[in-house]
Amino acid sequence: MSQNLITEEQVFEELKKAIVETLRVDENSITPDSSLINDLGAESLDFLDINYRLEQAFGMKMARHFVLEHIEEMFGEGTAIDEDGRLTEKAIELLKTRFGHNMSDLKAGMDMDEIPVMITVRSMTQGVMDILNSLPEKCTKCGNSAWQSDEGVKVKCGSCGESATYTNGDDLIKAWLTKVQEEKKIF
Amino acid sequence: MDILKDKVVLITGSSRGIGKAIARKCALAGADIVVNYRKSGGSSQTQAEELCKEIEEMGCRAMMVQADIALRDSVKALFGEVSEKMGRLDYLILNAAKAPFKPIEKLFERELRQLVDTNYLGNIFCIQSALPMLEKTEGKIIFISSLGSRFYNPSYPLGSMKAAMESIVRDCAESLREKKVSVNAVCGGIVKTDSFKVLRQFWDNIDMLPDGLFVEPEEIADVVLFLCTQASRGITGQTIVVDKGLSNAICREKVKS
């Protein structure tokens, strides 16, 4: 069971804050289903800015690279994206495993540039939750399990004051990929 | 101050950051501005629109043109539009850049090609397309480089392209000499623009550099403006470093602590 003390609601609120500051959009225009690119006007640099704000707020590290890049790094160039920039069958199978089979828009042969469009406030919130859920049971410094959240959304050890140590986003994706590959042998 | 009155300045990638600061500075000096951005429908376009409005309020003409400099046809269309609507071009500021942040040995082939397409070929396409207009005005080309051209930055393959472009600046300064088109570069230190937001994700604790070693976009823009003026006529094929002394201060902070 996860030790995470931060609720999805809190993550959603922090993410909204980060989006408003980065994209200068009206807070009320942000819903869980908003596409950051299509509905809120985000561009690639904006994602990094939003990620940075989240990292500062929660004291963790978001993934620097998307799952497709990790696939190719692990299994070789061309395994997820063909030379024309289109997604392979295997990439689609993996994305569906990760983001749910109800993502009917995911089809082999689709352009890789269509993927970022699918990033929603909800999926980003989930990404943050995955990282926060990596909080170990015990403090890495004093070994006690006494995590508590401070005034905001940062977590500290109530016993020694050490900041929470989360697994970074890239390592989480890599671990997940390794696990899925062992189970399903997609690549 | 009307040093650049009736002159036309095109700044590639000027919806944000350093490009935007250069556009403002040139407009303050009285120039008409062409704001270029790559992607339509996103935050760049919104910012480009705001910038154009701001420039027009200063009493200058402003036009925004969407174009991806990596694409030759897109570049041709960009300069075609400038020629048609502005009728001339005096200064071409090569500022646009786009690159993945990864160690160079980890770049996929498509990323490598994109790196070269935008940051090397794209700049050359712009020079080629701008030349007919620049020859008429005896104009200037100014490339915006970064310290990555000569120093290692983590996960910054763009640095190698900046180095290549500084070399092109030297080449073109000579080959365009007869046409009286001058070519120089301004090499910026660490600037807190949007791309810094990327850099700090790959360079732990860079936020801890003392404020005095960060360059303001306006400080780079001021040197660009200087290069646009007669006062700089003796400078050719050079890259002027504007870095608050950062590159002279190797590990100064480390030594202190």
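The values are calculated or read from the model by the stated rules, or taken from the named source; none is laboratory data. Predicted model, so just to flag it, every value in this text is computed and none were measured. Heads up, the Cβs are rebuilt from the backbone with ideal geometry, glycines too, and the neighbour counts pull from every protein chain shown. Ligands, DNA and RNA are stripped out before the accessible areas are found, and what is left, the full protein with its side chains, is counted by its heavy atoms. Shrake-Rupley method; radii C 1.70, N 1.55, O 1.52, S 1.80 Å.
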Problem set entry | B:TYR152 vs. criteria more than 14 Å from every other protein chain (Cβ to nearest Cβ), open to solvent by 30 Å² or more (accessible area, probe 1.4 Å) and in contact with a helix residue (DSSP H, G or I) (Cβ under 7 Å, 6 or more places away or on another chain) | no
Exercise. Within region B:60-78, is there a residue that is of a type in the set (Ser, Thr, Tyr), more than 14 Å from chain A (Cβ to nearest Cβ) and either under 16 Å from B:ALA130 (Cβ atoms) or open to solvent by 60 Å² or more (accessible area, probe 1.4 Å) (or both)?
Worked result: yes
Problem set entry | Residue in region B:223-232 that is surrounded by the most Cβ atoms within 10 Å (Cβ to Cβ), counting only those that are touching a residue at least 24 places away in the same chain (Cβ under 8 Å) and closer than 17 Å to B:LYS7 by Cα | B:VAL224
For this session: Of all residues in region B:33-59, count the ones that are open to solvent by 30 Å² or more (accessible area, probe 1.4 Å) and hydrophobic (A, V, I, L, M, F, W, C).
Result: 1
Seminar exercise, completed: If we keep only residues of region B:21-45 that are under 19 Å from A:ARG24 (Cβ atoms) and within 13 Å of chain A (Cβ to nearest Cβ), then the residue modelled with the highest pLDDT is B:TYR37
For this session: Find all pairs meeting these conditions: Cβ atoms under 7 angstrom apart; at least six residues apart or on different chains; first residue within region A:172-187 and among the charged types (D, E, K, R); second residue open to solvent by less than 60 Å² (accessible area, probe 1.4 Å).
Result: A:LYS174/A:HIS70
For this session: Scan region B:86-104 for residues that are within 30 Å of B:THR229 (Cα to Cα), open to solvent by 40 Å² or more (accessible area, probe 1.4 Å) and either of a type outside the set (A, V, I, L, M) or touching a Pro at 6+ places or on another chain (Cβ under 8 Å) (or both) and jot them down.
Result: B:GLY87, B:ARG88, B:LYS98
Exercise. Can you spot a residue in region B:201-211 that is crowded, with 19+ Cβ neighbours inside 10 Å and touching a helix residue (DSSP H, G or I) at 6+ places or on another chain (Cβ under 8 Å)?
Worked result: yes
Exercise. Are there any pairs with C-beta distances below 8 angstrom linking a residue in region B:187-202 that is more than 7 Å from chain A (Cβ to nearest Cβ) to a residue that is part of a strand (DSSP E or B) and aromatic (Phe, Trp, Tyr), with the two at least 6 apart or on different chains, and if so which?
Worked result: B:GLY189/B:PHE214; B:ILE190/B:PHE214; B:VAL191/B:PHE214; B:LYS192/B:PHE214
Exercise. So, in region B:172-186, of the ones that are assigned to a helix (DSSP H, G or I) and in contact (Cβ under 8 Å) with a residue 12 or more places away in the chain, which residue ends up surrounded by the most Cβ atoms within 10 Å (Cβ to Cβ)?
Worked result: B:CYS172
Seminar exercise, completed: Expected single match for in contact (Cβ under 8 Å) with a residue 12 or more places away in the chain, within 24 Å of A:GLU182 (Cα to Cα), among the polar types (S, T, N, Q) and more than 10 Å from chain B (Cβ to nearest Cβ) among A:THR97, A:THR125, A:THR120 is A:THR97
Exercise. In region A:104-116, which residue that is surrounded by fewer than 14 Cβ atoms within 10 Å (Cβ to Cβ) and assigned to a loop (DSSP other than H, G, I, E, B) is nearest to the other protein chains (Cβ to nearest Cβ)?
Worked result: A:GLY109
For this session: Give the residue that is least open to solvent (accessible area, probe 1.4 Å), with candidates limited to residues of region B:105-129 that are among the aliphatic types (A, V, I, L, M) and within 14 Å of another protein chain (Cβ to nearest Cβ).
Result: B:LEU107
For this session: Identify, by number, the condition in (1) in contact (Cβ under 8 Å) with a residue 12 or more places away in the chain; (2) surrounded by fewer than 21 Cβ atoms within 10 Å (Cβ to Cβ); (3) in a helix (DSSP H, G or I) that A:GLY41 doesn't meet.
Result: (3)
For this session: For residues that are among the charged types (D, E, K, R), assigned to a loop (DSSP other than H, G, I, E, B) and either farther than 24 Å from B:GLN201 by Cβ or open to solvent by less than 30 Å² (accessible area, probe 1.4 Å) (or both), tally how many sit in region A:135-172.
Result: 4
Seminar exercise, completed: Per the filter on region A:79-100, residues over 18 Å from the mean Cα position of the chain (by Cα) and open to solvent by 40 Å² or more (accessible area, probe 1.4 Å) are A:ASP82, A:GLU83, A:ASP84, A:ARG86, A:GLU89, A:LYS90, A:GLU93
For this session: With the condition kept exactly as written, say whether any residue in region B:19-32 is open to solvent by less than 30 Å² (accessible area, probe 1.4 Å), of a type in the set (Val, Ile, Thr) and in a loop (DSSP other than H, G, I, E, B).
Result: no
Problem set entry | helices (runs of 4 or more DSSP H) wholly inside region B:46-158 that include at least 1 residues being over 15 Å from the mean Cα position of the chain (by Cα) and within 30 Å of B:ALA249 (Cβ to Cβ) | B:109-116
